[in-house]
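Have a look at the structure below, then the notes.
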Amino acid sequence: MTKQRVVSNPHLAGPPVDTVSESTAYWLSNGDLPPELITGHKLIDSEHRFLISAIANLRRICIDHVNFEDCTGCSQDRRERCEIEVVAMLGDVFAFILDHFKTEEMVMRDSLLLMVDRDVCEAHMEDHAAISSAVQKIVSSLDSQHIVSRIRELDALLARWETNHIALHDLILSRWIAREDSLLKDW
C-alpha cells in the first residue's frame, strides 16, 4: 500500500510580493544568477536564468503591479495589452516548467538518486506538482479586471520558486550529479 504524505505548499504562502528578493535584485542589477543559486550544472543553471528573467519581465508588464488594486484605472487598450502579455508569459512559464520538471525528474532517475533517496526525490517531485498546480490556478482565474492581481500572484510564485525550490531541491540534485562517481557527472 502506498503511504500518503502531507506536504505543505511553500509556493502559496510567503513574504509580501512587493519585496524584491535579494536573488532577483542581484539578477536585475547585473543580469546573472546570484552565486547562491548557481548549481554548476549548465542546463539547470540556464533554465534558472530563464526563471529569473521571467520574474523581471513579469514586473515590467503592469505600470504599477505593486500598488494597483485592480485594472479598472487603466484604459481598455492598456488592459488588453497587459492581458495579452500575461497570457503569453503564462504560456511560456507553463511550457518551461513542464519541460524543466521533466528534465529534473529524468536526471533523478538516470542518476539513480531516485533509487538511493526516494524520499528526497518524491518531495522534489511533489514540489513540482504544487508549482504546476499553482500556475494552473493562476491561469484559470484570469479576468481582464484583475490582471494585476494575477501578475502579483505569478510574481510571488516565481520568486518563492526561485528562493525555496532551487535552494532546497535543485542544489541537492546538482550536488548529487556532480559527485565523482556520478553516472551523469559530465551531463
Checklist entry - Name the pairs: first residue in the range 26-53 and surrounded by fewer than 16 Cβ atoms within 10 Å (Cβ to Cβ), second residue modelled with pLDDT of 80 or more and not in a helix (DSSP H, G or I), Cβ to Cβ under 6 Å, at least 6 apart or on different chains? => result none
Checklist entry - If you take the residues of the range 52-108 that are of a type in the set (Ser, Thr, Tyr) and under 30 Å from residue 125 (Cβ atoms), which of them is farthest from the chain's Cα centre (by Cα)? => result 103
Next on the checklist: Condition check: surrounded by 13 or more Cβ atoms within 10 Å (Cβ to Cβ) and in contact with a Lys or Arg (Cβ under 6 Å, 6 or more places away or on another chain). Does residue 71 satisfy that?
Outcome noted: yes
Checklist entry - Hey, among 74, 82, 121, which residue is at pLDDT 85 or above, outside any helix (DSSP H, G or I) and not β-branched (Val, Ile, Thr)? => result 74
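Matching residues to (1) outside any loop (DSSP other than H, G, I, E, B); (2) over 27 Å from residue 65 (Cβ atoms):
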| site | (1), (2) |
| --- | --- |
| 106 | yes, yes |
| 127 | yes, no |
| 135 | yes, no |
| 145 | no, no |
| 148 | yes, no |
| 153 | yes, no |
| 156 | yes, no |
| 172 | yes, yes |
Checklist entry - Taking the range 135-149 as the search range and keeping residues that are in contact (Cβ under 8 Å) with a residue 60 or more places away in the chain and surrounded by fewer than 21 Cβ atoms within 10 Å (Cβ to Cβ), which one is nearest to residue 106 (Cα to Cα)? => result 149
Checklist entry - From the list 68, 96, which residue is part of a loop (DSSP other than H, G, I, E, B) and among the aromatic types (Phe, Trp, Tyr)? => result 68
Checklist entry - Among the residues of the range 106-114, is any among the aliphatic types (A, V, I, L, M), in contact (Cβ under 8 Å) with a residue 24 or more places away in the chain, farther than 17 Å from residue 161 by Cα and in contact with a Lys or Arg (Cβ under 7 Å, 6 or more places away or on another chain)? => result no
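The values are calculated or read from the model by the stated rules, or taken from the named source; none is laboratory data. Note that the coordinates shown come from a computational prediction; the quantities given were computed from them, not determined experimentally. Backbone-built Cβ (ideal geometry, glycine too); neighbour counts: all protein chains shown.
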